């Protein structure tokens, strides 16, 4: 089940990024709900909110280290509460999705634009939801039934 979640997130991320890059020019924006939600093609050289734009290799190495750590501790992670384990899987899938962009073109494709928040992508959503699941499991010390 975890592998399926990982693949679904990764495929959704890469397909949406491909669709955006194939149909938009960088900076081009399509209002879906005017002044509220747009699809805007942004090439992000940094991390969240475009921070650390010159740190491409740091983010590449961090994603690779995350992948290695996940594989090394996979057996222990599987014994954790489901919210924690699947949160780790979602976070890893998002990190790998953005890693693919960084390796392929040196920039991450972002496109969800809510106008009051920096532009983001499917991988970013997976990372945030994954971390939220992990935090939820830790805070509430969830136990599997």
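Suppose we keep only residues that are in a helix (DSSP H, G or I) and at pLDDT 95 or above within region 102-123. Which one would you say is farthest from residue 33 (Cα to Cα)? My answer is 123. Looking only at region 87-145, residues that are under 18 Å from residue 40 (Cβ atoms) and touching a helix residue (DSSP H, G or I) at 6+ places or on another chain (Cβ under 6 Å) come to 7 in all. In a residue-by-residue description of region 69-79, the property of being within 13 Å of residue 14 (Cα to Cα), without any contact (Cβ under 8 Å) to a residue 60 or more places away in the chain and out of contact with any helix residue (DSSP H, G or I) (no Cβ under 9 Å at 6 or more places or on another chain) applies to no position.
From the list 36, 20, 68, exactly one residue is modelled with pLDDT of 90 or more and closer than 16 Å to residue 103 by Cβ. Which is it? Just a single option satisfies the conditions, and that option is 68.
Among the criteria (1) within 26 Å of residue 4 (Cβ to Cβ); (2) surrounded by 14 or more Cβ atoms within 10 Å (Cβ to Cβ), the one residue 45 does not fulfil is (1).
To keep it simple, each residue is scored yes or no on (1) within 20 Å of the chain's Cα centre (by Cα); (2) loosely packed, with under 14 Cβ neighbours inside 10 Å.
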{"site": "8", "(1), (2)": "yes, yes"}
{"site": "15", "(1), (2)": "yes, yes"}
{"site": "18", "(1), (2)": "yes, yes"}
{"site": "23", "(1), (2)": "no, yes"}
{"site": "40", "(1), (2)": "yes, no"}
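Sort out which residues of region 124-145 are over 26 Å from residue 61 (Cβ atoms) and either part of a helix (DSSP H, G or I) or in contact with a strand residue (DSSP E or B) (Cβ under 6 Å, 6 or more places away or on another chain) (or both), and write them in order of number. Answer for region 124-145, where residues must be over 26 Å from residue 61 (Cβ atoms) and either part of a helix (DSSP H, G or I) or in contact with a strand residue (DSSP E or B) (Cβ under 6 Å, 6 or more places away or on another chain) (or both): 136, 137, 139. Residues that are assigned to a strand (DSSP E or B) and under 11 Å from residue 111 (Cα atoms) within region 21-38 comprise 29, 30, 37, 38, listed in sequence order.
The values are calculated or read from the model by the stated rules, or taken from the named source; none is laboratory data. From a predicted model like this one, the values you see are computed outputs, not experimental measurements. Cβ: placed from backbone, ideal geometry, glycine included. Neighbour counts: every protein chain shown.
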